[in-house]
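Encoded as structure tokens, the structure appears first; notes follow it.
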Amino acid sequence: MAAPLELYCWKGGWGLPSVNVESLTVLAYAKFAGAPLKVHKIANPWKSPTGSLPALKTHGEGSLSQPSKIIIHLRKQKYNADYDLSAKEGADSLAFISLLEEKLLPALIYTLWVDPKNYVDVTRRWHGENIPFPLNFFLPSRMQRQQLERLRLVRGDSWLEPGEEVEKELYRDALECMNLLSQRLASQKFFFGDSPSSLDAYVFGHLALLLKVKLPNAKLQHHLKSIDNLSQFCSNILTLYFPNEGRETLGSKISSQPDSNDFDNEPNKRRNQVLSVLVALGAMLSYAVFTGILSIQHVHPQEALGSSHGHGAGSHDEEEDEE
């Protein structure tokens, strides 16, 4: 029997199997299709075979990193959640997935990665606490820049800058998308009846994070929570397919609800400041020694004694070599 395919994805938080839209989508599809994956939930994308998450390590086709490519590969392996869909349902599924990526995804990126309050209090905080040291000092800000570039690419505007007008436009599109999804779902358990499909995986991946994370700026979240059938849809999938993930740990609750009292956050703030200073000093000293700005001398006790009395040869300076 062949070894199972290996999936690398972002670890979970806030009662979810993952804190990443794409990872949630792939995890949900694999569950729906019954794909026997060996899942590695990590918080360091550099440990992934592609350097990004999610990533699927395949047998003979290398590693795949985009949800659409991962899902196509799983279908080739006979794990097809869309097997029972009609041609019309298949076309509808593709249309709604395109709608999600065009209308809802940009607003999600803005909400989690661009909105200053949400980014500082929730997104950066979670990644800073879960990404291993010392990567947690620079990876969150690097990821934020990547997400902003992604937002510009999706919107087709390379000069797009965050602001009130941009936010209004993004949120207007997202609300329209959620309303259309709600109308399509109606009172059904899943979008095409009693069995989940790839569309259900994509919708869950895009909505679950928005539903569960406690955001300071929650305009988009409040609208989702007001749509009963979509909220229930996400909750049902968590209960049916990820029952062990639905129980939030105390640590997840604490990190998702930043305390407004600055005094309570002071120990963590001071710890991070101290660590930042130590890392910076270490880097500066290493650079100084490596470039020769700072030299390390070995002085023998006899020479030091001799020079103090003004006798004997001068001490020999020896610069320490660093590999």
Candidate set from the range 95-120 (those that are surrounded by fewer than 20 Cβ atoms within 10 Å (Cβ to Cβ) and among the acidic types (Asp, Glu)); member that is farthest from the chain's Cα centre (by Cα): GLU102
Suppose we filter the range 203-212 for residues that are surrounded by fewer than 22 Cβ atoms within 10 Å (Cβ to Cβ) and touching a residue at least 40 places away in the same chain (Cβ under 8 Å); how many remain? 1
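Of all residues being among the aliphatic types (A, V, I, L, M) and either open to solvent by 50 Å² or more (accessible area, probe 1.4 Å) or in contact with a helix residue (DSSP H, G or I) (Cβ under 6 Å, 6 or more places away or on another chain) (or both) in the range 45-73, which is nearest to TYR202 (Cα to Cα)? Just the residue, please.
First, pick out the residues of the range 45-73 that are among the aliphatic types (A, V, I, L, M): 53, 55-56, 64, 70-72.
Adding the requirement that they be either open to solvent by 50 Å² or more (accessible area, probe 1.4 Å) or in contact with a helix residue (DSSP H, G or I) (Cβ under 6 Å, 6 or more places away or on another chain) (or both) leaves 53, 56, 64, 70-72.
Values: LEU53: 16, LEU56: 17, LEU64: 18, ILE70: 13, ILE71: 11, ILE72: 14 Å.
Of everything passing the filter in the range 45-73, ILE71 is nearest to TYR202 (Cα to Cα).
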Residue count, the range 48-70 (criterion: within 24 Å of ARG142 (Cα to Cα) and touching a His at 6+ places or on another chain (Cβ under 8 Å)): 2
Among the numbered criteria (1) surrounded by fewer than 15 Cβ atoms within 10 Å (Cβ to Cβ); (2) within 24 Å of SER18 (Cβ to Cβ), which single criterion is violated by TYR241? (1)
Which number in (1) among the hydrophobic types (A, V, I, L, M, F, W, C); (2) surrounded by 15 or more Cβ atoms within 10 Å (Cβ to Cβ); (3) in contact (Cβ under 8 Å) with a residue 40 or more places away in the chain marks the one condition that MET143 misses? (3)
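Do you know which residues across the range 15-42 are within 21 Å of MET143 (Cβ to Cβ) and either open to solvent by less than 10 Å² (accessible area, probe 1.4 Å) or in a helix (DSSP H, G or I) (or both)? Working first, answer last.
At the first step, the residues of the range 15-42 found to be within 21 Å of MET143 (Cβ to Cβ) are 16-27, 40-42.
Scanning the range 15-42 gives LEU16, PRO17, SER18, VAL21, GLU22, SER23, LEU24, THR25, VAL26, LEU27.
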Which one of these is of a type outside the set (A, V, I, L, M, F, W, C) and either crowded, with 17+ Cβ neighbours inside 10 Å or in contact (Cβ under 8 Å) with a residue 40 or more places away in the chain (or both): LYS11, LYS88? LYS11
Output for the range 126-135, where each listed residue is surrounded by fewer than 18 Cβ atoms within 10 Å (Cβ to Cβ) and part of a loop (DSSP other than H, G, I, E, B): PRO132, PHE133, PRO134
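The values are calculated or read from the model by the stated rules, or taken from the named source; none is laboratory data. Please read all numbers here as calculations on a predicted model, not as lab measurements. When we count neighbours, we look across all protein chains shown, and the Cβ atoms used for this are built from the backbone with ideal geometry, even at glycine. All accessible areas refer to the heavy atoms of the entire protein, side chains included, with ligands and DNA or RNA removed. Shrake-Rupley method; radii C 1.70, N 1.55, O 1.52, S 1.80 Å.
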